[in-house]
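Notes to accompany the following structure.
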Amino acid sequence: MKNDLQKRENWTTRLGFILAAAGSAVGLGNIWRFPYVTGTNGGAAFLFIYLIAIILIGYPLMVTEMTLGRKTQRNPVGAFKALAPNTPWWLVGGLGVLTGFVILSYYSVVAGWSLAYIFKALGGFVPEMAFGEVFTDHITGVGVPIFWHAVFMALTIGVISAGVVKGIQRAVKTLMPILFILLVVLIIRSLTLDGASEGLRFYLSPDFSEITAQTFMDAIAQAFFTLSLGMGAIITYGSYLSEDANIGDNAAYVVGLDTLIAVMAGLAMFPALFALTDVSPDAGPGLTFITLPAVFAEMPLGSFFGFIFFVLLSIAALTSAISLLEVVVAWAVDEKDIERKKASIIVGIIIFIVGIPPVLGYSAWSDFSFLGFDVLDTYDWIANSIFLPLGGLLTAVFAGYVWKARNLADEANKVGGVINIGEWYGFLVKIVVPIAIAVVMVVTIAQTLM
Ligand code: PHE
Ligand code: NA
């Protein structure tokens, strides 16, 4: 199995790689997590800080991970081992594998909600429905959400073990534009509702007095999560990237597309949230699943559009989930010599089991509370407010000081493109990224514990 490394397949076209990386990036993070985190953090001011985090932290780290992967052609653990042999740096890759594991376990639960909503849409969305109750009824069940979580994990395992990732990515090429068009339709419907302006103001007109250290922490966490950074997914995908691709440009495409979809999701969501529901914008993880059906109910052929939308959201979630599982499986295959199919199935089943507590957190284990979080939010907090920023910080330090920013830039610039990885990159990755993450993490953790 080790010689897989030499025979490692490359994405045959530049488009293939972009599709894969964009497939990993665009997912529940954009349509489920981004709106509710924005809502919890007061709206527009959060959006502003989030966009800064994307540019100053997200983009340079996207370049970093893509280059680390292409240079070493390894999974995250192997990548650090290859560039800094006999040092503890491989632990950063190890942390990434662990993070992928934790994220996928609850990601699959939420993706299961999306699968279930495909059928709820088929049953019809009508204006007089109490969408908040429909959602609560769904998540406080036990058997049904576990069933959909199992279905989603089975799909993910199926794709990874059969090695048909590329086939899925190719399908995404046609599906993404449809998701995009549907979002445009939703935005138009949402903006033309009576009372839309209040939501628009909430989302786009910032009140900077609301910003706290927590706002920065949540913006950084969301930037990492949505761009699939800080845990090696992009290192892993970059390892399949061929020599003749310009990294600065590829990274910009992925970051730009992901950000566009998130911003659009917010535009579809907030006007409708204020116009149609009595749900508060800081309602948390249910926001999308309560608001969107309310918008569909206000549209001609709403159930049909809702059906298509949740199918596409589930597929977007699947292309993200395969990148999460791939990190763990690539590690098991490359480093532990386990056969691919076997690794996918074993790892996938363990992840499924680890994902059961987040389901039960809404019913049998609803007494559970950690810093005020339920089980799913606890997993989410540990992964996104601790593991991803820590992984990103250490990756930046590694690239900037150990492998050296200059070497990374040379590798990234091998083939010319529009964006040249210049001096600015070293400044960001050596100074801005590590200091910003460290300060924000220390302050928020101190505040949380106090
Ligand atoms: N970026 C994905 C999303 O927005 C989630 C993800 C996180 C995927 C980390 C891979 C790694 O839905
Ligand atoms: Na995303």
Phi-derived 3J(HN,Hα) across region 15-27 with the Karplus relation (6.51, -1.76, 1.60, θ = phi - 60°), rounded Hz, x for Gly and Pro, is 4, x, 5, 4, 4, 5, 5, 5, x, 5, 5, 6, x
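Just want the ordering: 231, 441, 129, from fewest to most Cβ atoms lying within 10 Å of their own Cβ.
Numbers: 231 33, 441 20, 129 14.
Placing the least packed residue first, the sequence is 129, 441, 231.
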Report the full-extension gain for the segment residue 445 to residue 280: residue separation times 0.36 nm, less the Cα-Cα distance, to one decimal in nm.
56.8 nm
Each residue of region 287-300 in turn: what ³J(HN,Hα) in whole Hz from Karplus with 6.51, -1.76, 1.60 and θ = phi - 60°, glycine and Pro shown as x?
3, 4, 6, 9, 6, 4, x, 5, 5, 4, 4, 8, 10, x
What size of dipole, in debye to the nearest 20, comes out for region 4-449 about its Cα centre when the only charges are +1 on Lys and Arg C-beta atoms and -1 on Asp and Glu C-beta atoms?
1440 debye
Given labels modelled 7 Å from the Cα in the Cβ direction, how far is it in nm from residue 198 to residue 151?
3.6 nm
For the chain, what does the convex hull of the Cα positions come to per residue, in cubic angstrom?
133 Å³
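Test of understanding: what is the full-extension gain from residue 137 to residue 171, defined as 0.36 nm times their sequence separation minus their Cα-Cα distance? Don't jump to the answer; show the numbers that get you there.
On the way: separation 34, 0.36 × 34 = 12.24 nm, distance 3.33 nm.
Full extension from residue 137 to residue 171 adds 8.9 nm.
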Whole percent per 10 Å bin, from 0 to the bin with the longest distance: what is P(r) over all C-alpha pairs of region 37-192?
8, 19, 35, 27, 9, 2, 0
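Work out how much length residue 404 to residue 336 would gain on full extension: take 0.36 nm times their residue separation and subtract the Cα-Cα distance, in nm to one decimal. Please list the in-between numbers first.
On the way: separation 68, 0.36 × 68 = 24.48 nm, distance 2.89 nm.
Extra length available between residue 404 and residue 336 comes to 21.6 nm.
Taking neighbour counts of Cβ atoms within 10 Å as a proxy for exposure, in what order, fewest first, do 140, 277, 259 appear? Please list the in-between numbers first.
Working: 140 14, 277 19, 259 22.
Going from sparsest to densest Cβ surroundings: 140, 277, 259.
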List, in order, the whole-Hz ³J(HN,Hα) value for each residue of region 62-77 obtained from phi through the Karplus relation with A = 6.51, B = -1.76, C = 1.60 and θ = phi - 60°; use x for Gly and Pro.
4, 4, 4, 5, 4, 6, 4, x, 5, 4, 8, 6, 10, 5, x, 5
Note down the relative contact order for the chain as a percent, whole number, built from C-alpha pairs under 8 angstrom at least six residues apart.
34 percent
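In whole Å and largest first, what semi-axes does the C-alpha gyration tensor of region 122-171 yield when each eigenvalue is scaled by 5 and square-rooted? Show your work: numbers first, answer last.
On the way: eigenvalues 199, 51, 9 Å².
Equivalent ellipsoid semi-axes, largest first: 32, 16, 7 Å.
Throughout, read-outs are computed from the coordinates displayed, never taken from laboratory work. Computed from a predicted structure; not experimentally measured. Please note: Cβ atoms are built from the backbone with ideal geometry, for glycine as well, and neighbour counts cover all protein chains shown.
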